[in-house]
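Single-structure report; data block below.
The values are calculated or read from the model by the stated rules, or taken from the named source; none is laboratory data. Here the structure is a predicted model, which is why all the values come from computation and not from measurement. In this analysis, Cβ positions are derived from the backbone assuming ideal geometry, glycine residues included, and neighbour counts consider all displayed protein chains.
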Amino acid sequence: MVDRKHNTQSTPPVYLINLDRSTERLQKSRALLEKHNIVFERVPAICGRLLSEDSCLEHYCPNLNKARYYYNLTPAQIGCFLSHREAWRRIAEGEADYGIVLEDDFLVEGNVQKAFATLNSLTHDWDLIKLSAYANRTRPIAKQFSINDEFNLVVHKKPMSGGAATAISKKGAQKLYASTAKFGRPCDTEIQHFWEHGITVLSLMPYPFAQDVTCASTIACSKKSKQDRRPLRRLSQQCYQYFRNKYEVSKQLKSLEF
């Protein structure tokens, strides 16, 4: 990896994705962040079901979806992706070296300020670091690097899914925003195909954030029809991703030095 200057910013900009109607989640998120002296900027989430067809198709590409995924994305999933792209845009165009993107179903699990200090201490380029896991699940680890007495940087054998809490560098945000001008998969699935976007995906563990699994998903409320599913496509994609991911993770490991 290429050396970069020590990051001198203390607290990174924090972007909270929140639907206008989810006022209770906003209040809860504000209380959690204020408790840890974290200032945030709200990113109004895009409600997919309110988008016109033209607005949906501005970035969502049905042809890419058919080629790369096994069911048509729901309006809610499209809105979720567009909401994250807006957060990426703000980081990409901002002054800070990196930013934090939170969905409003996060919980604070660890020492967040020390997690930020750990991110600030990194002296090598990085693009995206997961700060939580989807539904707080675990995944096999390929390699981990000790950063200090509390946190490790981890490369999973397959990048963790979920978007409750993520650190994204300015350069990483620029890459993701540019490469997803057209997309056909859910947001976190696109990130799992990290080699297509020219980014590295790591995890900071133990995770300083968690997903509040008691919250009803604002994405799952839009059900996928059985007619949308393409089981043979799913099987072929899973086989391809397994072997390609294994190869790309191996390549990523060779480039990392902490």
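Of note:
- Residue under evaluation residue 163, criteria (1) at pLDDT 95 or above; (2) surrounded by 20 or more Cβ atoms within 10 Å (Cβ to Cβ), criterion not met: (1)
- Subset of region 1-25 (residues that are part of a loop (DSSP other than H, G, I, E, B) and modelled with pLDDT of 95 or more): 12, 13, 19, 20, 21, 22
- Within region 171-196, residues that are in contact (Cβ under 8 Å) with a residue 60 or more places away in the chain sit with their Cβ atoms under 7 Å from residues that are β-branched (Val, Ile, Thr) and not in a loop (DSSP other than H, G, I, E, B), at 6+ positions apart or across chains, in these pairs: 173/91; 191/201; 194/201.
- Residues considered: 171, 130, 157, 143. Of these, the only one that is under 15 Å from residue 200 (Cβ atoms) and buried (at least 20 other Cβ atoms within 10 Å of the Cβ) is 130.
- When region 174-202 is filtered for residues that are under 15 Å from residue 156 (Cα atoms), in contact with a Pro (Cβ under 8 Å, 6 or more places away or on another chain) and of a type outside the set (S, T, N, Q), the ones remaining, listed by number, are 191, 194, 201.
- Yes/no for residue 171 being at pLDDT 95 or above and charged (D, E, K, R): yes
- Residues of region 84-98 classified as in contact with a Pro (Cβ under 7 Å, 6 or more places away or on another chain) and either surrounded by 24 or more Cβ atoms within 10 Å (Cβ to Cβ) or modelled with pLDDT under 95 (or both), total: 1
- Across region 99-117, the qualifying residues are those that are buried (at least 20 other Cβ atoms within 10 Å of the Cβ) and touching a helix residue (DSSP H, G or I) at 6+ places or on another chain (Cβ under 6 Å), and the one among them that is nearest to residue 236 (Cα to Cα) is 101.
- Counting only strands (runs of 3 or more DSSP E) wholly contained in region 95-161, the ones carrying 1 or more residues that are small (Gly, Ala, Ser) and in contact (Cβ under 8 Å) with a residue 24 or more places away in the chain occupy 98-103, 141-146.
- Search result, residues across region 189-211 that are outside any loop (DSSP other than H, G, I, E, B) and under 25 Å from residue 111 (Cα atoms): 201, 202, 203, 204, 205, 209, 210, 211
- Summed over region 26-64, the residues that are more than 19 Å from the chain's Cα centre (by Cα), of a type outside the set (A, V, I, L, M, F, W, C), within 24 Å of residue 75 (Cβ to Cβ) and assigned to a helix (DSSP H, G or I) give a count of 6.
Residue-wise test of (1) in contact with a Gly (Cβ under 8 Å, 6 or more places away or on another chain); (2) within 25 Å of residue 96 (Cα to Cα); (3) of a type in the set (Val, Ile, Thr).
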position	(1), (2), (3)
128	yes, yes, no
134	yes, no, no
139	no, no, no
151	no, yes, no
164	no, yes, no
167	yes, yes, no
174	no, yes, no
179	yes, yes, no
185	no, no, no
